[in-house]
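Q: Here it is: the structure, laid out below.
The values are calculated or read from the model by the stated rules, or taken from the named source; none is laboratory data. Remember, it's a predicted structure, so these values are computed and weren't measured experimentally. So basically every Cβ, Gly included, is an ideal-geometry build from the backbone, and we count neighbours across all protein chains shown.
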Amino acid sequence: MKNLKDLKLAIIGLGYVGLPLAVEFGRKRPVVGFDINSKRIEDLKQGKDVTRETTKEKLKAAVHLKYTDNPQELKSCNCFIVTVPTPIDNHKRPDLTMLRQASETVGKSLKKGDFVVYESTVYPGVTEEECVPIIEQISGLKFNQDFFWGYSPERINPGDPSHRITEIKKITSGSTPESAELIDALYKEIITAGTHKAESIRAMVKNKIRIEESKVLILGLDFKENCPDIRNTRVVDIVRDFQDLNCHVDVYDLWVSEEDALKELGAAAIRTLGKSQHILYDLKYVLPPEFSDIRL
Ligand SMILES: NC(=O)c1ccc[n+]([C@@H]2O[C@H](COP(=O)([O-])OP(=O)(O)OC[C@H]3O[C@@H](n4cnc5c(N)ncnc54)[C@H](O)[C@@H]3O)[C@@H](O)[C@H]2O)c1
């Protein structure tokens, strides 16, 4: 396992999330900032950030940060942090095209002992099920044997100058206990608000917590904190995943109305909460008529 001081970072995707991250690390250690958008790279080389998430002074202070659109320059790196967009498609599903492309790029430069950290917002399982196989196929390396993986979702709110990246507690995780330690230590270098090293659902299995029939409380249902908008929330997918595992799920959110939440959850998911013989009574016309057994 590598030492913290040996990590040479690549940040893949220099947008609202990637650039501030690259700039913070670039004050401390070598960083290659890579983006497929050549215009963006040209602008950054000239100290111009069109997203306005950084300042000229901050860009200047990042003395170890180099910008490039040439993937060959990633070969010198050994820790790849992916911050490419994951837009939502017409079916409200994340479009993983750019994430897959970025995984191909990483796969071409990955060497034995390297790390890949995903910061892009994805639902649970995407990195292992979608990205890792691409990296394995392209690099010819074996996951958790030759290379390691981490996840650290970005939680910034662009345009909010009072909560910059370093001031928001960062969640970190790794594919092995050792890689989790290293990734956590890496982020501690720049996050003044501190980090939280997360356990995964697998951690439950290891601790002999019986998944089936376990009682899961999910705190927060909305799309982002302190907002009642649940239209694009993917917490619903997490609820369904736990329900598929036969867990009992409760969701608590101060900001979301029960009515809206039930609408989003849908009749099928509500029915999984009932016994096999049950009646779904839609008192408030929350569901389309054909989905309930009785309405007023
Ligand atoms: N912006 C936010 O509010 C915010 C907050 C938290 C998390 N996130 C998540 O962070 C991720 C990045 O979001 P963003 O707002 O920074 O996106 P963005 O659109 O601002 O920037 C992404 C950058 O990635 C580049 N890119 C695209 N494909 C690439 C590839 N294959 N290789 C290299 N570069 C590539 C683009 O050219 C662009 O410059 C998304 O998953 C998003 O959901 C965003």
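Q: Within the range 120-127, identify whether any single residue is outside any helix (DSSP H, G or I), farther than 22 Å from ILE238 by Cβ and within 8 Å of the ligand (Cβ to nearest atom), and answer yes or no. First the steps, then the outcome.
A: Going residue by residue through the range 120-127, those that are outside any helix (DSSP H, G or I) are 120-125.
From what is left, the residues that are farther than 22 Å from ILE238 by Cβ are none.
Looking through the range 120-127, none of the residues is outside any helix (DSSP H, G or I), farther than 22 Å from ILE238 by Cβ and within 8 Å of the ligand (Cβ to nearest atom).
Q: With the structure loaded, tell me whether ASP146 is more than 19 Å from VAL31 (Cα to Cα) and within 16 Å of the ligand (Cβ to nearest atom) or whether it fails that test. Break it down stepwise before answering.
A: Details: more than 19 Å from VAL31 (Cα to Cα): yes; within 16 Å of the ligand (Cβ to nearest atom): no.
No; evaluated as a whole, the condition is false for this residue.
Q: Select, from SER139, SER103, the only residue that is in contact with a helix residue (DSSP H, G or I) (Cβ under 9 Å, 6 or more places away or on another chain) and under 17 Å from GLY18 (Cβ atoms).
A: SER103
Q: Could I ask something else about it? Could you identify the single residue in ILE270, ILE230 that is over 19 Å from GLY125 (Cα atoms) and touching an Asp or Glu at 6+ places or on another chain (Cβ under 6 Å)?
A: After applying the criteria, what remains is ILE230.
Q: Kindly provide the set of residues from the range 241-283 that are touching a Pro at 6+ places or on another chain (Cβ under 9 Å) and either of a type outside the set (A, V, I, L, M) or assigned to a loop (DSSP other than H, G, I, E, B) (or both), ordered by number. Give the derivation first.
A: Filtering the range 241-283 down to residues touching a Pro at 6+ places or on another chain (Cβ under 9 Å) leaves 241, 253, 255-257, 260, 267, 282.
Of everything in the range 241-283, those that are touching a Pro at 6+ places or on another chain (Cβ under 9 Å) and either of a type outside the set (A, V, I, L, M) or assigned to a loop (DSSP other than H, G, I, E, B) (or both) turn out to be ASP241, ASP253, TRP255, VAL256, SER257, ASP260, ASP282.
Q: May I pose another question? Being surrounded by 15 or more Cβ atoms within 10 Å (Cβ to Cβ), in the same structural domain as ILE156 (by TED's automatic domain parsing), free of Cβ contacts under 8 Å to residues at least 40 places away in the same chain and within 19 Å of ILE156 (Cβ to Cβ): is that true of VAL116 here? Can you show your working first?
A: On the way: surrounded by 15 or more Cβ atoms within 10 Å (Cβ to Cβ): yes; in the same structural domain as ILE156 (by TED's automatic domain parsing): yes; free of Cβ contacts under 8 Å to residues at least 40 places away in the same chain: yes; within 19 Å of ILE156 (Cβ to Cβ): no.
No, not satisfied.
Q: Are any of the residues in the range 178-188 among the polar types (S, T, N, Q), surrounded by 14 or more Cβ atoms within 10 Å (Cβ to Cβ) and in contact with a helix residue (DSSP H, G or I) (Cβ under 9 Å, 6 or more places away or on another chain)?
A: Let us first name the residues in the range 178-188 that are among the polar types (S, T, N, Q), namely 179.
Filter again for surrounded by 14 or more Cβ atoms within 10 Å (Cβ to Cβ), leaving 179.
Those left that are additionally in contact with a helix residue (DSSP H, G or I) (Cβ under 9 Å, 6 or more places away or on another chain): none.
No, the conditions are met nowhere in the range 178-188.
Q: Evaluate the following for THR83: is it among the polar types (S, T, N, Q) and crowded, with 22+ Cβ neighbours inside 10 Å?
A: On the way: among the polar types (S, T, N, Q): yes; crowded, with 22+ Cβ neighbours inside 10 Å: yes.
Considered against the rule, which asks whether it is among the polar types (S, T, N, Q) and crowded, with 22+ Cβ neighbours inside 10 Å, THR83 comes out as yes.
Q: Looking at THR121 and the list (1) in contact with a Ser or Thr (Cβ under 7 Å, 6 or more places away or on another chain); (2) modelled with pLDDT under 95; (3) over 18 Å from GLY18 (Cα atoms), which single condition is not satisfied?
A: That leaves (3) as the condition not met.
Q: How about the range 12-28: which of its residues are farther than 16 Å from ASP49 by Cα and buried (at least 18 other Cβ atoms within 10 Å of the Cβ)?
A: Going residue by residue through the range 12-28, those that are farther than 16 Å from ASP49 by Cα are 12, 25, 27-28.
If the condition is that a residue be farther than 16 Å from ASP49 by Cα and buried (at least 18 other Cβ atoms within 10 Å of the Cβ), then ILE12, PHE25 are the ones that fit.
Okay, residues lined up against (1) of a type in the set (Phe, Trp, Tyr); (2) buried (at least 17 other Cβ atoms within 10 Å of the Cβ); (3) closer than 20 Å to THR83 by Cβ:
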| site | (1), (2), (3) |
| --- | --- |
| LEU141 | no, yes, no |
| PHE148 | yes, yes, yes |
| PRO153 | no, no, yes |
| THR166 | no, no, yes |
| SER173 | no, yes, yes |
| THR176 | no, no, no |
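Q: Would you point out the residue of the range 29-76, among those that are within 23 Å of ARG155 (Cα to Cα) and of a type in the set (Gly, Ala, Ser), that is surrounded by the fewest Cβ atoms within 10 Å (Cβ to Cβ)?
A: Among those residues, the one meeting the criterion is ALA62.
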